[in-house]
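*Asks:* Take a look at the following structure, please.
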Amino acid sequence: MLLGERFGRHATRSTLLLLQNYSRSTAMSRLEMSGQFQQPVLESSRDYLTRACHNASIKKRVLSRVECFLSSDPINSGWLKPRRWENFTSLESACVQPEYKLPIRIRADCKAEQYEITGSPLNPSDVPAEAVGIGDTNEISPWWQEFPKRWTIVLLCFFAFLLCNMDRVNMSIAILPMSSEFTWNPATVGLIQSSFFWGYLLTQILGGIWADRFGGKVVLGFGVVWWSLATILTPLAAKIGLPCLLTMRAFMGIGEGVAMPAMNNILSKWIPVSERSRSLALVYSGMYLGSVTGLALSPLLISKFGWPSVFYAFGSLGSVWFALWQSKAHSSPNDDPELSKAEKRHILGGGTFKEPVTSIPWRLILSKAPVWALIISHFCHNWGTFILLTWMPTYYNQVLKFNLTKSGLLCVLPWLTMAIFANIGGWIADTLVQKGVSITNVRKIMQSIGFLGPALFLTLLSKVQTPAMAVLCMACSQGSDAFSQSGLYSNHQDIGPRYAGVLLGLSNTAGVLAGVFGTAATGYILQKGSWDSVFKVAVALYIVGTVVWNVFSTGERVLE
(Lines give C-alpha, C1' and ligand atoms only; values in the text may rest on other atoms or scores of the structure.)
Protein backbone atom coordinates (compact mmCIF):
# COMPACT_ATOMS: atom_id res chain seq x y z
CA MET A 1 0.00 0.00 0.00
CA LEU A 2 1.36 3.41 -0.96
CA LEU A 3 1.73 5.80 1.87
CA GLY A 4 1.40 8.92 -0.20
CA GLU A 5 0.02 10.77 2.75
CA ARG A 6 1.34 11.21 6.22
CA PHE A 7 0.62 8.60 8.78
CA GLY A 8 0.83 8.95 12.53
CA ARG A 9 1.61 12.68 12.58
CA HIS A 10 2.37 12.49 16.26
CA ALA A 11 3.47 9.22 17.78
CA THR A 12 2.30 9.26 21.36
CA ARG A 13 2.15 6.94 24.30
CA SER A 14 -1.63 7.06 24.44
CA THR A 15 -2.16 3.54 23.00
CA LEU A 16 0.03 0.51 23.75
CA LEU A 17 -0.43 -3.10 22.76
CA LEU A 18 1.64 -5.55 24.72
CA LEU A 19 2.20 -8.78 22.87
CA GLN A 20 3.74 -11.67 24.76
CA ASN A 21 5.32 -14.75 23.09
CA TYR A 22 4.65 -13.25 19.69
CA SER A 23 7.30 -12.57 17.04
CA ARG A 24 7.71 -8.86 16.42
CA SER A 25 9.10 -9.36 12.93
CA THR A 26 6.21 -11.62 11.93
CA ALA A 27 3.64 -9.16 13.30
CA MET A 28 5.23 -6.20 11.56
CA SER A 29 5.49 -7.98 8.23
CA ARG A 30 1.74 -8.67 8.35
CA LEU A 31 0.80 -5.19 9.42
CA GLU A 32 -0.78 -3.06 6.71
CA MET A 33 -0.73 0.65 7.28
CA SER A 34 -4.44 1.40 7.31
CA GLY A 35 -6.99 3.26 9.39
CA GLN A 36 -6.43 0.67 12.11
CA PHE A 37 -2.88 1.91 12.64
CA GLN A 38 -3.44 5.60 13.22
CA GLN A 39 -1.26 6.00 16.29
CA PRO A 40 1.91 3.90 16.00
CA VAL A 41 3.99 3.81 19.13
CA LEU A 42 7.75 3.87 19.04
CA GLU A 43 9.42 2.08 21.88
CA SER A 44 12.56 3.77 20.70
CA SER A 45 13.68 5.39 17.50
CA ARG A 46 16.18 2.62 16.90
CA ASP A 47 13.61 -0.17 17.17
CA TYR A 48 11.31 1.60 14.79
CA LEU A 49 13.96 2.29 12.14
CA THR A 50 15.33 -1.23 12.46
CA ARG A 51 11.92 -2.81 11.90
CA ALA A 52 11.11 -0.46 9.03
CA CYS A 53 14.38 -1.09 7.24
CA HIS A 54 14.22 -4.83 7.88
CA ASN A 55 10.79 -5.13 6.32
CA ALA A 56 11.86 -2.96 3.42
CA SER A 57 14.84 -5.17 2.65
CA ILE A 58 12.74 -8.33 2.70
CA LYS A 59 10.18 -6.96 0.31
CA LYS A 60 12.90 -5.30 -1.80
CA ARG A 61 10.93 -2.15 -2.19
CA VAL A 62 12.37 1.19 -3.12
CA LEU A 63 12.59 3.83 -0.47
CA SER A 64 12.59 7.22 -2.10
CA ARG A 65 12.65 9.36 1.02
CA VAL A 66 12.11 8.94 4.74
CA GLU A 67 12.32 11.84 7.14
CA CYS A 68 12.38 11.17 10.86
CA PHE A 69 12.35 13.91 13.41
CA LEU A 70 13.09 13.31 17.05
CA SER A 71 12.20 15.85 19.68
CA SER A 72 13.53 15.80 23.22
CA ASP A 73 12.50 19.32 24.12
CA PRO A 74 9.41 18.96 26.39
CA ILE A 75 8.79 22.70 26.51
CA ASN A 76 9.34 24.10 23.04
CA SER A 77 8.86 20.85 21.10
CA GLY A 78 11.80 21.83 18.88
CA TRP A 79 13.04 19.40 16.25
CA LEU A 80 16.53 18.03 15.99
CA LYS A 81 18.14 18.31 12.60
CA PRO A 82 16.55 15.75 10.22
CA ARG A 83 18.68 13.05 8.73
CA ARG A 84 17.67 12.55 5.13
CA TRP A 85 17.99 9.35 3.14
CA GLU A 86 20.44 10.90 0.70
CA ASN A 87 22.97 11.25 3.54
CA PHE A 88 23.16 7.48 4.09
CA THR A 89 25.54 5.33 2.04
CA SER A 90 23.77 2.09 2.70
CA LEU A 91 20.56 0.73 4.10
CA GLU A 92 22.31 -0.48 7.24
CA SER A 93 23.68 2.96 8.02
CA ALA A 94 20.18 4.33 7.76
CA CYS A 95 19.11 2.13 10.61
CA VAL A 96 21.57 3.50 13.13
CA GLN A 97 19.98 5.29 16.03
CA PRO A 98 20.43 9.09 15.69
CA GLU A 99 22.16 10.87 18.52
CA TYR A 100 20.05 12.89 20.88
CA LYS A 101 20.12 13.98 24.46
CA LEU A 102 18.30 12.04 27.13
CA PRO A 103 14.79 13.50 26.98
CA ILE A 104 12.24 14.14 29.64
CA ARG A 105 9.57 13.23 27.10
CA ILE A 106 10.22 11.94 23.58
CA ARG A 107 8.05 12.62 20.60
CA ALA A 108 8.69 11.23 17.14
CA ASP A 109 7.32 12.51 13.86
CA CYS A 110 7.72 10.50 10.72
CA LYS A 111 6.82 11.43 7.21
CA ALA A 112 6.97 8.68 4.59
CA GLU A 113 6.55 9.10 0.87
CA GLN A 114 6.50 6.42 -1.87
CA TYR A 115 7.22 3.68 0.62
CA GLU A 116 5.44 0.39 0.21
CA ILE A 117 4.72 -1.97 3.06
CA THR A 118 2.96 -5.08 1.90
CA GLY A 119 1.49 -7.99 3.66
CA SER A 120 -1.81 -9.16 5.01
CA PRO A 121 -3.54 -7.09 7.68
CA LEU A 122 -3.26 -8.13 11.27
CA ASN A 123 -6.49 -9.84 12.26
CA PRO A 124 -7.83 -9.67 15.80
CA SER A 125 -7.67 -13.46 15.94
CA ASP A 126 -3.90 -13.30 15.44
CA VAL A 127 -3.39 -11.41 18.65
CA PRO A 128 -2.49 -13.71 21.55
CA ALA A 129 -4.93 -14.03 24.41
CA GLU A 130 -2.35 -12.54 26.73
CA ALA A 131 -2.37 -9.21 24.89
CA VAL A 132 -3.47 -6.36 27.08
CA GLY A 133 -4.56 -2.93 25.85
CA ILE A 134 -3.38 0.00 27.92
CA GLY A 135 -4.14 3.66 27.32
CA ASP A 136 -7.06 5.62 26.06
CA THR A 137 -10.55 4.32 26.67
CA ASN A 138 -13.88 5.64 25.66
CA GLU A 139 -15.11 5.79 29.25
CA ILE A 140 -15.39 9.32 30.59
CA SER A 141 -15.95 9.80 34.30
CA PRO A 142 -18.84 12.03 35.37
CA TRP A 143 -17.83 15.58 36.25
CA TRP A 144 -18.71 15.12 39.91
CA GLN A 145 -16.18 12.30 40.17
CA GLU A 146 -13.50 14.47 38.61
CA PHE A 147 -14.26 17.42 40.92
CA PRO A 148 -11.37 17.82 43.43
CA LYS A 149 -12.21 16.30 46.80
CA ARG A 150 -10.55 19.17 48.66
CA TRP A 151 -12.98 21.64 47.07
CA THR A 152 -15.88 19.38 48.00
CA ILE A 153 -14.79 19.90 51.61
CA VAL A 154 -14.57 23.66 51.03
CA LEU A 155 -18.08 23.82 49.57
CA LEU A 156 -19.55 21.80 52.43
CA CYS A 157 -17.89 24.17 54.91
CA PHE A 158 -19.30 27.09 52.91
CA PHE A 159 -22.86 25.77 53.31
CA ALA A 160 -22.26 25.04 57.00
CA PHE A 161 -21.38 28.70 57.55
CA LEU A 162 -24.32 29.78 55.40
CA LEU A 163 -26.62 27.89 57.79
CA CYS A 164 -24.67 29.21 60.77
CA ASN A 165 -25.49 32.84 60.08
CA MET A 166 -29.00 32.12 58.80
CA ASP A 167 -29.80 30.57 62.18
CA ARG A 168 -28.07 33.40 64.00
CA VAL A 169 -29.72 36.42 62.37
CA ASN A 170 -33.28 35.04 62.29
CA MET A 171 -33.75 36.05 65.93
CA SER A 172 -33.03 39.70 65.08
CA ILE A 173 -36.12 39.65 62.83
CA ALA A 174 -38.32 37.28 64.85
CA ILE A 175 -37.70 39.18 68.09
CA LEU A 176 -40.13 41.91 66.98
CA PRO A 177 -43.31 39.77 66.84
CA MET A 178 -42.05 37.65 69.76
CA SER A 179 -41.63 40.67 72.04
CA SER A 180 -45.12 41.81 71.09
CA GLU A 181 -46.64 38.41 71.86
CA PHE A 182 -44.80 37.84 75.13
CA THR A 183 -44.77 41.54 76.22
CA TRP A 184 -40.99 41.78 76.59
CA ASN A 185 -39.45 45.15 77.43
CA PRO A 186 -36.27 46.45 75.71
CA ALA A 187 -34.04 45.22 78.54
CA THR A 188 -35.41 41.68 78.15
CA VAL A 189 -34.91 41.86 74.39
CA GLY A 190 -31.27 42.88 74.90
CA LEU A 191 -30.79 40.02 77.37
CA ILE A 192 -32.15 37.49 74.88
CA GLN A 193 -29.95 38.83 72.10
CA SER A 194 -26.84 38.66 74.27
CA SER A 195 -27.53 35.15 75.62
CA PHE A 196 -26.23 33.67 72.38
CA PHE A 197 -22.72 34.93 73.18
CA TRP A 198 -22.70 33.18 76.56
CA GLY A 199 -22.39 29.80 74.89
CA TYR A 200 -20.46 31.12 71.91
CA LEU A 201 -17.60 32.27 74.13
CA LEU A 202 -17.46 28.97 76.03
CA THR A 203 -16.61 26.76 73.07
CA GLN A 204 -14.16 28.82 71.03
CA ILE A 205 -11.04 27.34 72.64
CA LEU A 206 -12.69 24.04 73.52
CA GLY A 207 -13.81 23.63 69.93
CA GLY A 208 -10.22 24.13 68.76
CA ILE A 209 -8.91 21.55 71.23
CA TRP A 210 -11.55 19.00 70.22
CA ALA A 211 -10.94 19.57 66.51
CA ASP A 212 -7.17 19.18 66.82
CA ARG A 213 -7.59 15.98 68.84
CA PHE A 214 -10.59 14.25 67.25
CA GLY A 215 -10.69 15.78 63.77
CA GLY A 216 -12.60 18.61 62.17
CA LYS A 217 -15.26 16.34 60.62
CA VAL A 218 -16.55 15.11 63.97
CA VAL A 219 -16.53 18.50 65.68
CA LEU A 220 -18.08 20.52 62.84
CA GLY A 221 -20.75 17.85 62.32
CA PHE A 222 -21.53 17.95 66.03
CA GLY A 223 -21.76 21.74 65.97
CA VAL A 224 -24.22 21.88 63.05
CA VAL A 225 -26.49 19.21 64.55
CA TRP A 226 -26.37 20.90 67.97
CA TRP A 227 -27.23 24.41 66.83
CA SER A 228 -29.85 23.13 64.36
CA LEU A 229 -31.68 21.31 67.16
CA ALA A 230 -31.43 24.40 69.36
CA THR A 231 -32.90 26.49 66.53
CA ILE A 232 -35.85 24.11 66.05
CA LEU A 233 -36.56 24.03 69.81
CA THR A 234 -36.46 27.83 70.22
CA PRO A 235 -40.25 28.39 69.74
CA LEU A 236 -41.02 25.70 72.31
CA ALA A 237 -38.52 27.20 74.75
CA ALA A 238 -40.04 30.68 74.30
CA LYS A 239 -43.51 29.37 75.14
CA ILE A 240 -42.24 27.58 78.24
CA GLY A 241 -40.64 30.70 79.68
CA LEU A 242 -37.84 33.24 79.52
CA PRO A 243 -35.22 31.17 81.45
CA CYS A 244 -35.75 28.28 79.06
CA LEU A 245 -35.37 30.57 76.06
CA LEU A 246 -32.16 32.07 77.40
CA THR A 247 -30.76 28.59 77.97
CA MET A 248 -31.70 27.49 74.47
CA ARG A 249 -30.02 30.54 72.92
CA ALA A 250 -26.89 29.83 74.94
CA PHE A 251 -26.99 26.21 73.71
CA MET A 252 -27.17 27.49 70.18
CA GLY A 253 -24.06 29.60 70.84
CA ILE A 254 -22.27 26.48 72.09
CA GLY A 255 -22.89 24.74 68.77
CA GLU A 256 -21.85 27.69 66.63
CA GLY A 257 -18.80 28.35 68.80
CA VAL A 258 -17.04 25.19 67.59
CA ALA A 259 -17.70 25.89 63.90
CA MET A 260 -14.82 28.23 63.09
CA PRO A 261 -12.09 26.27 64.96
CA ALA A 262 -13.28 22.97 63.45
CA MET A 263 -13.40 24.44 59.95
CA ASN A 264 -9.93 25.91 60.36
CA ASN A 265 -8.60 22.54 61.47
CA ILE A 266 -10.02 20.56 58.58
CA LEU A 267 -8.97 23.07 55.91
CA SER A 268 -5.44 23.18 57.33
CA LYS A 269 -5.17 19.50 56.41
CA TRP A 270 -6.99 19.56 53.08
CA ILE A 271 -5.89 22.80 51.41
CA PRO A 272 -2.33 23.49 50.17
CA VAL A 273 -0.87 26.89 50.91
CA SER A 274 -1.27 28.02 47.28
CA GLU A 275 -5.07 27.73 47.63
CA ARG A 276 -5.47 28.68 51.28
CA SER A 277 -6.62 32.26 50.94
CA ARG A 278 -9.35 31.73 48.36
CA SER A 279 -10.67 28.62 50.10
CA LEU A 280 -11.03 30.46 53.41
CA ALA A 281 -12.48 33.48 51.66
CA LEU A 282 -15.14 31.30 50.05
CA VAL A 283 -16.03 29.67 53.37
CA TYR A 284 -16.29 32.99 55.22
CA SER A 285 -18.34 34.46 52.40
CA GLY A 286 -20.85 31.77 53.33
CA MET A 287 -21.32 33.62 56.63
CA TYR A 288 -21.97 36.89 54.85
CA LEU A 289 -24.39 35.35 52.38
CA GLY A 290 -26.07 33.52 55.26
CA SER A 291 -26.81 36.86 56.87
CA VAL A 292 -28.19 38.16 53.55
CA THR A 293 -30.37 35.07 53.11
CA GLY A 294 -31.62 35.12 56.68
CA LEU A 295 -32.47 38.81 56.63
CA ALA A 296 -34.24 38.43 53.28
CA LEU A 297 -36.25 35.25 53.95
CA SER A 298 -37.21 35.75 57.60
CA PRO A 299 -39.75 38.57 56.99
CA LEU A 300 -41.42 36.55 54.22
CA LEU A 301 -41.78 33.43 56.36
CA ILE A 302 -43.04 35.40 59.36
CA SER A 303 -45.65 37.26 57.32
CA LYS A 304 -47.06 34.04 55.81
CA PHE A 305 -46.59 31.37 58.48
CA GLY A 306 -45.82 33.17 61.74
CA TRP A 307 -42.60 33.71 63.62
CA PRO A 308 -42.04 30.03 64.69
CA SER A 309 -41.77 29.03 61.01
CA VAL A 310 -38.41 30.81 60.73
CA PHE A 311 -36.82 28.55 63.35
CA TYR A 312 -38.41 25.36 61.99
CA ALA A 313 -37.43 26.06 58.37
CA PHE A 314 -33.86 27.17 59.00
CA GLY A 315 -33.14 24.54 61.65
CA SER A 316 -34.36 21.62 59.52
CA LEU A 317 -31.83 22.44 56.77
CA GLY A 318 -29.08 21.24 59.10
CA SER A 319 -30.21 17.61 58.68
CA VAL A 320 -29.74 17.81 54.90
CA TRP A 321 -26.26 19.25 55.32
CA PHE A 322 -25.30 16.64 57.93
CA ALA A 323 -26.25 13.75 55.61
CA LEU A 324 -23.96 15.12 52.90
CA TRP A 325 -21.20 15.83 55.39
CA GLN A 326 -21.19 12.27 56.72
CA SER A 327 -21.02 10.73 53.27
CA LYS A 328 -18.54 13.10 51.59
CA ALA A 329 -16.25 14.59 54.26
CA HIS A 330 -13.16 13.25 56.01
CA SER A 331 -11.02 14.92 58.64
CA SER A 332 -7.87 14.61 56.54
CA PRO A 333 -6.83 13.33 53.10
CA ASN A 334 -5.26 10.34 54.82
CA ASP A 335 -8.73 9.20 55.92
CA ASP A 336 -10.31 9.36 52.46
CA PRO A 337 -10.04 6.03 50.60
CA GLU A 338 -11.39 7.53 47.36
CA LEU A 339 -8.81 10.33 47.13
CA SER A 340 -6.59 10.04 44.06
CA LYS A 341 -2.84 9.78 44.51
CA ALA A 342 -2.28 12.83 42.32
CA GLU A 343 -4.52 15.05 44.45
CA LYS A 344 -2.99 13.68 47.64
CA ARG A 345 0.49 14.61 46.39
CA HIS A 346 -0.80 18.07 45.45
CA ILE A 347 -2.24 18.60 48.92
CA LEU A 348 0.87 17.40 50.72
CA GLY A 349 3.24 19.36 48.49
CA GLY A 350 6.12 17.06 49.32
CA GLY A 351 5.33 16.90 53.04
CA THR A 352 3.83 14.19 55.20
CA PHE A 353 0.79 13.93 57.43
CA LYS A 354 1.26 14.65 61.10
CA GLU A 355 -0.25 12.52 63.82
CA PRO A 356 -3.34 13.95 65.58
CA VAL A 357 -2.63 16.22 68.53
CA THR A 358 -2.71 14.43 71.89
CA SER A 359 -1.78 17.37 74.10
CA ILE A 360 -1.74 21.14 73.61
CA PRO A 361 1.63 22.85 74.36
CA TRP A 362 0.07 25.96 75.89
CA ARG A 363 3.34 27.36 77.20
CA LEU A 364 4.97 27.08 73.78
CA ILE A 365 1.96 28.54 71.97
CA LEU A 366 1.62 31.54 74.28
CA SER A 367 5.36 32.23 74.12
CA LYS A 368 5.27 33.00 70.40
CA ALA A 369 5.00 36.64 69.30
CA PRO A 370 3.08 35.79 66.08
CA VAL A 371 0.38 34.13 68.20
CA TRP A 372 -0.10 37.32 70.21
CA ALA A 373 -0.08 39.31 66.99
CA LEU A 374 -3.03 37.18 65.89
CA ILE A 375 -4.91 37.67 69.17
CA ILE A 376 -4.41 41.44 69.35
CA SER A 377 -5.11 41.99 65.66
CA HIS A 378 -8.28 39.90 65.84
CA PHE A 379 -9.51 42.04 68.75
CA CYS A 380 -8.79 45.29 66.89
CA HIS A 381 -10.40 43.98 63.70
CA ASN A 382 -13.61 42.76 65.34
CA TRP A 383 -14.11 45.94 67.34
CA GLY A 384 -14.76 47.96 64.21
CA THR A 385 -16.54 45.13 62.37
CA PHE A 386 -19.06 44.40 65.15
CA ILE A 387 -19.76 48.08 65.71
CA LEU A 388 -20.66 48.61 62.08
CA LEU A 389 -22.76 45.49 61.77
CA THR A 390 -24.57 45.94 65.10
CA TRP A 391 -25.19 49.67 65.08
CA MET A 392 -25.61 50.24 61.35
CA PRO A 393 -29.47 50.27 61.39
CA THR A 394 -29.40 52.82 64.21
CA TYR A 395 -26.91 54.98 62.31
CA TYR A 396 -29.05 54.88 59.17
CA ASN A 397 -32.13 55.81 61.14
CA GLN A 398 -30.70 58.52 63.44
CA VAL A 399 -28.12 60.16 61.21
CA LEU A 400 -29.21 59.46 57.64
CA LYS A 401 -32.95 59.67 58.52
CA PHE A 402 -33.85 56.49 56.66
CA ASN A 403 -37.00 54.69 57.74
CA LEU A 404 -36.66 51.26 59.32
CA THR A 405 -37.74 49.38 56.18
CA LYS A 406 -35.11 51.08 54.06
CA SER A 407 -32.55 50.65 56.85
CA GLY A 408 -33.15 46.92 56.87
CA LEU A 409 -32.59 46.69 53.12
CA LEU A 410 -29.42 48.76 53.30
CA CYS A 411 -28.09 46.51 56.07
CA VAL A 412 -27.82 43.74 53.48
CA LEU A 413 -25.44 45.80 51.32
CA PRO A 414 -22.34 45.48 53.57
CA TRP A 415 -22.75 41.70 53.76
CA LEU A 416 -22.94 41.44 49.98
CA THR A 417 -19.91 43.71 49.63
CA MET A 418 -17.93 41.60 52.09
CA ALA A 419 -18.87 38.36 50.30
CA ILE A 420 -17.65 39.73 46.96
CA PHE A 421 -14.44 41.36 48.16
CA ALA A 422 -13.48 38.45 50.41
CA ASN A 423 -13.27 36.21 47.35
CA ILE A 424 -11.47 38.86 45.30
CA GLY A 425 -8.90 39.22 48.07
CA GLY A 426 -8.51 35.45 48.30
CA TRP A 427 -7.70 35.11 44.61
CA ILE A 428 -5.26 38.01 44.75
CA ALA A 429 -3.44 36.54 47.75
CA ASP A 430 -3.11 33.06 46.25
CA THR A 431 -1.93 34.53 42.94
CA LEU A 432 0.82 36.42 44.76
CA VAL A 433 1.89 33.25 46.58
CA GLN A 434 1.98 31.29 43.31
CA LYS A 435 4.14 34.00 41.74
CA GLY A 436 6.74 33.65 44.46
CA VAL A 437 5.84 36.42 46.91
CA SER A 438 6.56 35.23 50.43
CA ILE A 439 3.60 34.17 52.55
CA THR A 440 4.65 36.65 55.22
CA ASN A 441 4.49 39.58 52.80
CA VAL A 442 1.18 38.42 51.36
CA ARG A 443 -0.43 38.19 54.81
CA LYS A 444 0.89 41.60 55.81
CA ILE A 445 -0.28 43.24 52.59
CA MET A 446 -3.78 41.78 52.76
CA GLN A 447 -4.29 42.52 56.44
CA SER A 448 -2.97 46.06 56.06
CA ILE A 449 -5.70 46.61 53.47
CA GLY A 450 -8.16 45.03 55.91
CA PHE A 451 -7.15 47.54 58.60
CA LEU A 452 -6.30 50.74 56.76
CA GLY A 453 -9.18 50.53 54.27
CA PRO A 454 -11.91 50.66 56.96
CA ALA A 455 -9.91 53.31 58.87
CA LEU A 456 -9.82 55.52 55.77
CA PHE A 457 -13.52 55.17 54.92
CA LEU A 458 -14.66 55.65 58.51
CA THR A 459 -12.63 58.86 58.62
CA LEU A 460 -14.31 60.02 55.40
CA LEU A 461 -17.71 59.00 56.80
CA SER A 462 -17.58 61.75 59.40
CA LYS A 463 -17.04 64.35 56.65
CA VAL A 464 -19.62 63.35 54.01
CA GLN A 465 -22.79 65.39 53.65
CA THR A 466 -25.18 63.19 51.66
CA PRO A 467 -26.80 59.85 52.60
CA ALA A 468 -25.68 58.30 49.32
CA MET A 469 -22.01 59.03 50.05
CA ALA A 470 -22.42 57.79 53.61
CA VAL A 471 -23.80 54.44 52.39
CA LEU A 472 -20.97 54.23 49.85
CA CYS A 473 -18.37 54.80 52.57
CA MET A 474 -19.94 52.13 54.76
CA ALA A 475 -19.95 49.64 51.90
CA CYS A 476 -16.33 50.40 50.97
CA SER A 477 -15.32 50.12 54.60
CA GLN A 478 -16.78 46.62 54.87
CA GLY A 479 -15.48 45.63 51.45
CA SER A 480 -11.89 46.45 52.36
CA ASP A 481 -12.43 44.85 55.77
CA ALA A 482 -13.08 41.54 53.98
CA PHE A 483 -9.44 41.40 52.82
CA SER A 484 -8.74 40.25 56.38
CA GLN A 485 -9.88 36.77 55.34
CA SER A 486 -6.63 36.52 53.38
CA GLY A 487 -4.65 38.12 56.20
CA LEU A 488 -5.11 37.20 59.84
CA TYR A 489 -7.86 34.62 59.20
CA SER A 490 -5.48 32.60 57.00
CA ASN A 491 -2.50 33.02 59.29
CA HIS A 492 -3.52 30.41 61.87
CA GLN A 493 -2.82 27.67 59.34
CA ASP A 494 0.47 29.29 58.33
CA ILE A 495 2.12 29.46 61.72
CA GLY A 496 0.79 26.23 63.23
CA PRO A 497 -1.29 23.93 61.00
CA ARG A 498 -1.40 21.17 63.63
CA TYR A 499 -2.88 23.61 66.15
CA ALA A 500 -4.96 25.65 63.71
CA GLY A 501 -8.16 24.94 65.65
CA VAL A 502 -6.71 26.03 68.98
CA LEU A 503 -5.12 29.14 67.48
CA LEU A 504 -8.39 30.25 65.91
CA GLY A 505 -10.18 29.53 69.17
CA LEU A 506 -7.76 31.80 71.01
CA SER A 507 -7.90 34.68 68.57
CA ASN A 508 -11.64 34.43 67.95
CA THR A 509 -12.29 34.53 71.69
CA ALA A 510 -10.56 37.91 71.69
CA GLY A 511 -12.63 38.85 68.65
CA VAL A 512 -15.92 37.94 70.33
CA LEU A 513 -14.93 39.89 73.43
CA ALA A 514 -14.24 42.87 71.19
CA GLY A 515 -17.74 42.54 69.79
CA VAL A 516 -19.31 42.37 73.26
CA PHE A 517 -17.30 45.24 74.74
CA GLY A 518 -17.32 47.32 71.56
CA THR A 519 -21.09 47.13 71.22
CA ALA A 520 -21.58 48.17 74.85
CA ALA A 521 -18.94 50.91 74.66
CA THR A 522 -20.58 52.37 71.56
CA GLY A 523 -23.83 52.84 73.45
CA TYR A 524 -21.98 54.57 76.27
CA ILE A 525 -20.09 56.86 73.83
CA LEU A 526 -23.33 57.85 72.09
CA GLN A 527 -24.84 58.88 75.41
CA LYS A 528 -21.91 61.21 76.10
CA GLY A 529 -20.72 62.13 72.62
CA SER A 530 -21.41 61.58 68.93
CA TRP A 531 -20.93 59.16 66.09
CA ASP A 532 -17.66 60.88 65.21
CA SER A 533 -16.25 59.73 68.56
CA VAL A 534 -17.41 56.17 67.86
CA PHE A 535 -15.61 56.17 64.53
CA LYS A 536 -12.45 57.70 66.00
CA VAL A 537 -12.13 54.89 68.55
CA ALA A 538 -12.53 52.29 65.81
CA VAL A 539 -9.96 54.05 63.59
CA ALA A 540 -7.46 54.20 66.48
CA LEU A 541 -7.79 50.45 67.06
CA TYR A 542 -7.41 49.75 63.33
CA ILE A 543 -4.11 51.66 63.36
CA VAL A 544 -2.91 49.81 66.48
CA GLY A 545 -3.74 46.52 64.79
CA THR A 546 -1.84 47.54 61.66
CA VAL A 547 1.31 48.31 63.63
CA VAL A 548 1.18 45.14 65.71
CA TRP A 549 0.48 42.98 62.69
CA ASN A 550 3.29 44.33 60.52
CA VAL A 551 5.85 44.19 63.33
CA PHE A 552 5.16 40.78 64.88
CA SER A 553 3.25 38.59 62.41
CA THR A 554 4.83 36.04 60.11
CA GLY A 555 3.76 33.59 57.45
CA GLU A 556 6.36 31.02 58.46
CA ARG A 557 5.59 28.00 60.61
CA VAL A 558 6.49 28.62 64.25
CA LEU A 559 4.66 25.64 65.82
CA GLU A 560 5.44 22.07 64.73
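*Asks:* When Lys and Arg each count +1 and Asp and Glu each count -1, what net charge do the other residues less than 13 Å away from Leu503, Cβ to Cβ, add up to?
*Replies:* Around Leu503, the surrounding residues sum to +1.
*Asks:* Is there a pair in Lys217/Lys368; Lys269/Lys344; Lys368/Lys444; Lys269/Lys368 whose C-alpha atoms are over 20 Å apart, and which pairs would that be?
*Replies:* Among Lys217/Lys368; Lys269/Lys344; Lys368/Lys444; Lys269/Lys368, the Cα-Cα distance tops 20 Å for Lys217/Lys368; Lys269/Lys368.
*Asks:* When ligands, DNA and RNA are left out and all protein chains stay put, how many square angstrom of accessible area per residue does region 232-345 have with a 1.4 Å probe? Working shown, then result.
*Replies:* Working: 4360 Å² over 114 residues.
The answer is 38 Å² per residue.
*Asks:* Cα centroid distance between region 227-244 and region 162-188, in Å?
*Replies:* 12
*Asks:* Given the peptides 474-483, 252-261, 168-177, arrange them by the average over their residues of other C-beta atoms within 10 Å, most packed first.
*Replies:* With the highest mean Cβ count within 10 Å placed first, the list reads 252-261, 474-483, 168-177.
*Asks:* Using a 1.4 Å probe, how large is the accessible area of Ile439, given in Å² and rounded to the nearest 10?
*Replies:* Approximately 40 Å² for this residue.
*Asks:* Tally Lys/Arg at +1 and Asp/Glu at -1 over every other residue whose Cβ is under 11 Å from the Cβ of Asp494; what's the total?
*Replies:* Here the charged neighbours net out to +2.
*Asks:* Leaving out ligands, DNA and RNA, and with a 1.4 Å probe, what % of the accessible surface on region 452-560 is carbon or sulfur?
*Replies:* Its accessible area is 68 percent carbon and sulfur atoms.
*Asks:* Here's something else I'd like to know. With a 1.4 Å probe and all protein chains in place, put Thr183, Thr394, Thr247 in order of accessible area, largest first. Don't jump to the answer; show the numbers that get you there.
*Replies:* Working: Thr183 115, Thr394 40, Thr247 65 Å².
Highest to lowest solvent-accessible surface, that is Thr183, Thr247, Thr394.
The values are calculated or read from the model by the stated rules, or taken from the named source; none is laboratory data. Since the model is a prediction, treat every value here as computed from it, not as a measurement. Don't worry about glycine lacking a Cβ; one is built from the backbone with ideal geometry, like all the others, and counts go over all protein chains shown. Remember, those area values only see protein heavy atoms, side chains included, never the ligands or the DNA or RNA. Shrake-Rupley method; radii C 1.70, N 1.55, O 1.52, S 1.80 Å.
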